[in-house]
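Following: one structure in structure tokens, then a few remarks.
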Amino acid sequence: DFYSASMYYQMGIPVDIYTPIFAMSRVGGWIAHILEQYEDNRLIRPRARYVGETDRTVTPLENR
């Protein structure tokens, strides 16, 4: 939205309609979430899995 807003400004689009434009661009995603939930009453989220090092020690700020 940050970069879009500057382009809208340069194109002469009134600032008052920026928010509706930003909302319209998200409607497809919102509808997809609603349809997912209606299908089996559950939102589908990708699973995140941490693959970094484990059991690391943290040096206190005053010792850094």
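The values are calculated or read from the model by the stated rules, or taken from the named source; none is laboratory data. Keep in mind that this is a model prediction, so the values were computed, not measured. Note that we place each Cβ from the backbone using ideal geometry, even for glycine, and neighbour counts take in every protein chain shown. Quick note on the areas: whole protein, heavy atoms, side chains included, nothing else; ligands and nucleic acids left out. Shrake-Rupley method; radii C 1.70, N 1.55, O 1.52, S 1.80 Å.
When the residues of the range 1-10 are filtered to those that are surrounded by fewer than 10 Cβ atoms within 10 Å (Cβ to Cβ) and not hydroxyl-bearing (Ser, Thr, Tyr), the one that is nearest to the chain's Cα centre (by Cα) is Phe2. Condition first: among the basic types (Lys, Arg), assigned to a helix (DSSP H, G or I) and open to solvent by 60 Å² or more (accessible area, probe 1.4 Å). Can you find one or more residues in the range 15-26 that meet it? Yes: the range 15-26 contains one or more residues that are among the basic types (Lys, Arg), assigned to a helix (DSSP H, G or I) and open to solvent by 60 Å² or more (accessible area, probe 1.4 Å).
Quick check on my filter: what residues within the range 16-58 are charged (D, E, K, R) and more than 27 Å from Tyr3 (Cα to Cα)? Correct list: Glu36, Glu39, Asp40, Arg42, Arg45, Arg47, Arg49, Glu53, Asp55, Arg56.
Among the residues of the range 1-14, count how many are in a loop (DSSP other than H, G, I, E, B) and of a type in the set (Ser, Thr, Tyr).
Here the count works out to 0.
Matching residues to (1) at pLDDT 80 or above; (2) small (Gly, Ala, Ser); (3) within 16 Å of the chain's Cα centre (by Cα):
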{"residue": "Gly12", "(1), (2), (3)": "yes, yes, no"}
{"residue": "Ile17", "(1), (2), (3)": "yes, no, no"}
{"residue": "Gly29", "(1), (2), (3)": "yes, yes, yes"}
{"residue": "Thr54", "(1), (2), (3)": "yes, no, no"}
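Any residue at all in the range 34-50 that is modelled with pLDDT of 90 or more, of a type in the set (A, V, I, L, M), assigned to a helix (DSSP H, G or I) and open to solvent by less than 100 Å² (accessible area, probe 1.4 Å)? No, the range 34-50 contains no residue that is modelled with pLDDT of 90 or more, of a type in the set (A, V, I, L, M), assigned to a helix (DSSP H, G or I) and open to solvent by less than 100 Å² (accessible area, probe 1.4 Å).
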